[in-house]
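Heads up, the thing below is written out as structure tokens.
The values are calculated or read from the model by the stated rules, or taken from the named source; none is laboratory data. Predicted model, so just to flag it, every value in this text is computed and none were measured. Heavy atoms of the whole protein, side chains included, go into the accessibility calculation; ligands, DNA and RNA do not. Shrake-Rupley method; radii C 1.70, N 1.55, O 1.52, S 1.80 Å.
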Amino acid sequence: MTDSTSDEATASELRTAIATGVPEIAAMTPGRTGNLSARSGDRVAITPSGVPYEEIQPGSVPVLSLDGEPVTGDLAPSSETPMHLGIYRSLDVGAIAHVHSPWATTLAVLGEELPPVHYMVAAAGGPVPVAPYEPFGTVELAEAAVSTMESAGTTACILANHGLVAGGEDVQDAIETAVAVESTAQVYLQAKAVGDPVELTPTQFEAAMAQFDSYGQPEGDDAD
């Protein structure tokens with residue numbers, strides 16, 4: 001297979017992954033406010049800017065280089081492309097989901113991190129920190145998100161007065177991380193409304209993290 005053919009195959013796989021994952025993003029975020037991307041090597045596919053979710057097909061998904069240069073597609077990429085590319089250049093993730101889901105965004109407005117009140121926070125690698133506010137679509141927002149996640153050792157962070165960004169090994173993993181943070185944020189805020197949430201101790205959370213890492217089927221095993 002030639003390099004050109006290989007690049008085309010990679011772009012096709014990435015575009016299909018984005019189009020397939022878009023309905024799950026749509027279920028989490030209002031209007032057209034979320035975005036989804038996937039990376040393979042130095043190629044990044046990302047949702048197009050301002051296009052209704054139901055209209056996004058593989059052929060409408062832009063593909064860029066890791067430096068932001070257009071590779072495939074006629075539509076402009078998401079306005080949050082700088083944040084996605086910045087995270088890819090700094091963190092070991094293969095996909096990124098950015099949503100304005102209501103409960104995580106409530107924490108964003110409060111400027112409050114998501115503490116370890118449930119073991120599902122382990123999906124993000126630890127308590128989910130808050131990145132300081134920066135205007136959307138800017139390099140400054142990208143730098144704030146990267147710095148915050150690097151400092152906390154997480155693959156997700158709450159963006160102050162904005163929303164949530166979550167990374168994963170692939171599109172489904174990134175979405176699942178965003179869902180885990182959102183559902184835990186809901187439980188946490190509901191608990192705060194009626195009492196004082198009890199956090200897991202560091203020992204309890206470390207044990208939960210270890211269990212989480214080994215969760216699921218062993219590599220190479222097929223379920224009957």
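Below is a table of values for the structure above.
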{"item": "Most mobile listed residue (Pro129, Pro48, Pro115) in the chain, GNM with C-alpha springs under 10 Å", "result": "Pro115"}
{"item": "Dimensionless Rg ratio for segment 30-87, taking C-alpha atoms and the 2.2 N^0.38 Å reference", "result": "1.02"}
{"item": "Relative contact order [Cα under 8 Å, 6+ residues apart], segment 1-135, whole percent", "result": "21"}
{"item": "Carbon plus sulfur fraction of accessible area for segment 56-185, probe 1.4 Å, in percent", "result": "53"}
{"item": "Residue-by-residue Karplus 3J(HN,Hα) for segment 100-107, coefficients 6.51, -1.76, 1.60, Hz, glycine and proline x", "result": "10, 4, x, 6, 5, 6, 4, 4"}
{"item": "Value of [θ]222 nm, deg cm²/dmol, for the chain, DSSP H segments ≥ 4, -39500 (n - 2.57) each, nearest 500", "result": "-13500 deg cm²/dmol"}
{"item": "Under the Karplus curve 6.51 cos²θ - 1.76 cosθ + 1.60, θ = phi - 60°, whole-Hz ³J(HN,Hα) for segment 196-209, x wherever Gly or Pro sits", "result": "10, x, 9, 8, 5, 6, x, 5, 4, 6, 4, 5, 5, 4"}
{"item": "Scaled radius of gyration (Cα, divided by 2.2 N^0.38 Å) that the chain gives", "result": "1.02"}
{"item": "Segment 123-162: mean projected area of Cα convex hull, nm²", "result": "2.5"}
{"item": "Calculated on alpha-carbon atoms, Rg and Dmax of segment 160-209 in Å", "result": "13.4, 37"}
